[in-house]
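Rule-based calculations on the coordinates, nothing more; no lab input. Predicted, not measured: the structure shown is a model, and the values here were computed from it. Here the Cβ is made from the backbone with ideal geometry for all residues, glycine too, and neighbour counts use every protein chain on show.
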Amino acid sequence: MKQYYIKTILLLGAALCLIMSADARQVSPRGPVRSLLDDVDPGARTDVLAHDIGNVLMTLSNYGEVGNPNNVPGFAGFEFPINSGNDFLFSAGVWIGADLNGTRLVSTATDGDNGTGEFYPKNIVAVPFSNTGTDPDWHLTSKSIDRFDDRFFVLGAKDVDDDGDWDITTDDWDGDGRASRNFDGGRGLIGFDDDGDGQVDEEIANGVDDDGDSEIDEDTDASGDGNLDGNCNYDPEPHVDEDPAGDMARDFVDNDFDGLVDLEDPDNDGDCCPGLLDDDGDGLEDEDGVARGVQEYFAVFSDDIQSQYVSSPDVDGHTPLHLQVTQRTYAFPEEYAGDFVLLDYRIRNVGPLPLRNVFIGLFADPDIVAQGEGSDAGSTDDYNYYDPDRLMAVQFDEYNDADGPGPGVFAMRVVKTPVALDQLRVSFRNFERVAGGDPETNADKYNMMSSGDIDPLSPEPGDWRMLISFGVEATDGFTIRPGETLPITVAFIAGDDTSDIGVNAEWALAMYLNDFQGPSAPDAPEYAIDVYEDRVRLRWSPNAEASIDAITGDADFEGYRIERRTGQTDWQTLVEYDRIDTLSGEFEWQNRNYGMPTDTIHYPDGTFEYVYWDMGLTPGHTYEYAVRAFDTGVFGAGVLESGRTGNTHSVTIAKQHVEGESDGTDLSGVYVFPNPYKGGHAGEAIPNETDAGLVFVRKLFFRGLPTNIEPGKCVIRIFSLAGDYLNSIDHYNGTEQAEWNMKTRHDQEIVSGIYYYSVEYGGKHFLDKFVVIK
């Protein structure tokens, strides 16, 4: 099973550059020395982690670089499809160019061969989510899960009163009887062309299409800004989204949308308890969040760095623009949204001087490499081009060379800027590694970004890099005055071919336009599993049937599916339930009309649960279950099903403790499985859930034990053949089975041999032996 860990950046020594063939890809002599960034701020550390909840695995850093140029184990640059071994990206990152007091400068996260890195991570007082010794500076948040593999997420959805403290008598400012995300009633930002039609604030918040473009209240004036903060998009009522991840007074975000950030804001950015993770003073920490993605990462980086800390500086050195960039990235598990990751940047001028003629660039060194393909072969047979209809840079593989067509296509799309996309001056430049062309100075980079030149399709296959950059045409770039923030949203996208990547690019735009939301599956059913000696009973509530799709507004629940697997085998559908109905259009052909479950349990309070029995299970074996709900289908997105992520339960088949019944004191039925232990068995294929994540361990099972629930009452002791005491197990888990990791009390793995064990319970003793063959 593939596992991904948050890791500190691993250094690559210069030896990696030495013993390589002349034709093989090499790290530039300019270096990467990212470790220098760790010395800028002792409270912050360079880190990478991966988005891996969809159909891509994308590695990103907390200093602006995307990809895996340092070959950190367990990561890929941009793997598609996930777990395929294909990798589409060596390195990519944001470039920001501006005129600072008459000098044109560019700050970059990376450039050719993982070069110039001019940003360093900021300490955001993040709760440590790492399994390493350092605390990476990230917030990991989610609208629907609190854990994925070894990572823990702050659970809390935007627009939702997650902690239930909204009060209808005092907080219902718009009088609609429910907690509201936007009591203002409008949409858009005051002073901006939010719908890209060339007009600014042309709508009135009246529920009418005032400008005749078939959209309602999409670019409202002050009538949609009830609290006069310039933001009609998002003004939640009190006690909604008031305690997001971290300390609001120290997260570099304008949480109350008044133009002031953190402690420069007289009201501490809406934080009633600065210095604490409990922002609303209710005694709970980070319990009412603002996540919009299922997997959402937040980091902050700055270019305010001295030259000696810059990895591979430009020929003319580094002069900071005094930028502070908040980076929030979004990944989704749904099939229609699983092939891209959205990156939302907020670029703030924290210096004393205005930044003029600002251009933003996305640089990438993609390599479309199939699993098993050599690095040189994979990196030197690509092409790239610019798609003007989507403001998108695209890289694809040579179709007719010896290794055949590549495994897919990689693209970067400009999704949103403060002005309409057709008002931008866009540059697309491609340059080949072997032939040269990498810009070496600030001036070279700025000229490349601001030129407005569009390079044609690569003339021949090669190791092509690409840069897509943009700024406002009419004003020769953006302007960011001191304290102002420039919002930019982009997407990194994969696809099977150029047609597929176009579809995925449209979904990325649609997700952004719907506040990073898309058509959603029904809520995951809430369920429990009762375990018996040779069967389990699954019980689940009908909560999924009340789900409302946030985008379509439909209550579109259709049915349930129960799945099971053992070890790492594929999931098996045990049973499917489907409402008897008629569906519209393309979805009727897959309408099974099986009917809903007939086995139910009804409770005195009027609630009920559905029931499914899984029979004939093998005692001692571990099984993993998922209860999923699916909808009637959404045109363009297909039938949507609640995910397995965070929604599976593993159980081991064994007799359970029953309240009021004797646990039994007859120890004659106790035995060890497997006996002999021969190097491993199927029961080890399911990982154990620990505080450090999911971990695979050796397992030896003691079975036929009393179903005891009292600590210290039933004790198993293990001895060597010579009688040396090795370890003990206090058995009180309420089942007839105990598990041992085959380690001594000194955390040493046992070796091959014969071992004795004793069981003591209720004044009785039992002694037997087992054999280990490794």
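Just the number, please: Stokes-Einstein D of the stretch 390-483 in µm²/s, Kirkwood Rh from C-alpha pairs, 20 °C, 1.002 mPa s.
Roughly 141 µm²/s, to the nearest whole number.
Is the stretch 147-238 best put as rounded, prolate or oblate by its Cα gyration tensor, with a ≥ b ≥ c the root eigenvalues, rounded for a/c under 1.5, and otherwise prolate when a/b is larger than b/c, oblate when not?
Note, shape of the stretch 147-238 comes out oblate.
Can you tell me the relative contact order of the stretch 482-576? Whole percent, Cα pairs under 8 Å, sequence separation 6 or more.
For the stretch 482-576, the relative contact order is 16 percent.
Quick one: what Rg and Dmax do you get for the chain from the alpha carbons, in Å?
Every Cα atom of the chain included, Rg and Dmax give 29.0, 89 Å.
For the stretch 480-630, take the convex hull of the Cα atoms, compute a quarter of its surface area, and give me that in nm², please.
Mean projected area of the Cα convex hull: 15.9 nm².
In this model, which of K743/K764; K699/K769; K713/K774; K122/K158; K678/K713; K743/K774 are farther than 22 Å apart at the alpha-carbon?
The answer is K743/K764; K713/K774; K122/K158; K678/K713.
So what is the calculated 222 nm ellipticity per residue for the chain, using -39500 (n - 2.57) for each DSSP H run with n of 4 or more, over all residues, to the nearest 500 deg cm²/dmol?
That comes out to -1000 deg cm²/dmol.
Could you tell me how many degrees, from 0 to 90 and to the nearest 10, lie between the Cα long axis of helix 498-513 and the main elongation axis, the longest principal axis, of the Cα atoms of the chain?
On a 0 to 90 degree scale, this one is about 90.
Nearest 0.05, what FRET efficiency do N675 and D530 give at R0 = 25 Å with Cβ-Cβ as r?
Working from the Cβ atoms, E equals 0.30.
What shape does the stretch 574-616 have by the C-alpha gyration tensor, where a ≥ b ≥ c are the square roots of the eigenvalues, rounded means a/c under 1.5, and otherwise prolate means a/b greater than b/c and oblate the rest?
oblate
Of L467, N514, S451, whose Cα points farthest to the positive end of the dipole of the stretch 393-526 (charges on the beta-carbon: +1 Lys, Arg; -1 Asp, Glu; origin at the Cα centre)?
S451
What dipole magnitude, in Debye to the nearest 20, does the stretch 458-541 give about its Cα centre under +1 on Lys/Arg Cβ and -1 on Asp/Glu Cβ?
Dipole size: approximately 280 debye.
Name the shape class, rounded, prolate or oblate, that the alpha-carbon gyration tensor gives for the stretch 427-539, where a ≥ b ≥ c are the square roots of its eigenvalues, rounded holds for a/c under 1.5, and otherwise prolate holds if a/b is larger than b/c and oblate otherwise.
prolate
Could you state the orientation-averaged shadow area of the convex hull built on the Cα atoms of the stretch 198-259, in nm² to one decimal?
Reported value for the Cα convex hull: 5.6 nm².
Could you size up the charge dipole of the stretch 126-270 around its Cα centre, putting +1 on the beta carbon of Lys and Arg and -1 on that of Asp and Glu, and report it in debye to the nearest 20?
Approximately 940 debye in magnitude.
Please report the spacing between the Cα centers of the stretch 237-288 and the stretch 175-217 in Å, no decimals.
27 Å
Can you tell me, using C-alpha contacts under 8 Å and at least 6 residues apart, the relative contact order of the chain as a whole percent?
Worked out over the chain, it gives 10 percent.
State, to one decimal in nm, how far the label point of W613 lies from the label point of S223, with both points 7 Å from Cα in the Cβ direction.
Inter-label distance under the simple model: 6.4 nm.
Taking each pair of distinct Cα atoms in the stretch 224-280 once, what is the resulting Kirkwood hydrodynamic radius in Å?
The answer is 11.6 Å.
Rg/Rh for the stretch 267-415: what does it come to with C-alpha atoms and Rh from Kirkwood?
Taking Rh as the inverse mean 1/r over Cα pairs, Rg/Rh reads 1.06.
Where nothing but the Cβ of Lys and Arg (+1) and of Asp and Glu (-1) is charged, how large is the charge dipole of the chain around its Cα centre, in debye to the nearest 20?
4920 debye
Once the Cα gyration tensor of the stretch 693-774 is found, what semi-axes does its equivalent ellipsoid get, as square roots of 5 times the eigenvalues, in whole Å, sorted largest first?
21, 17, 11
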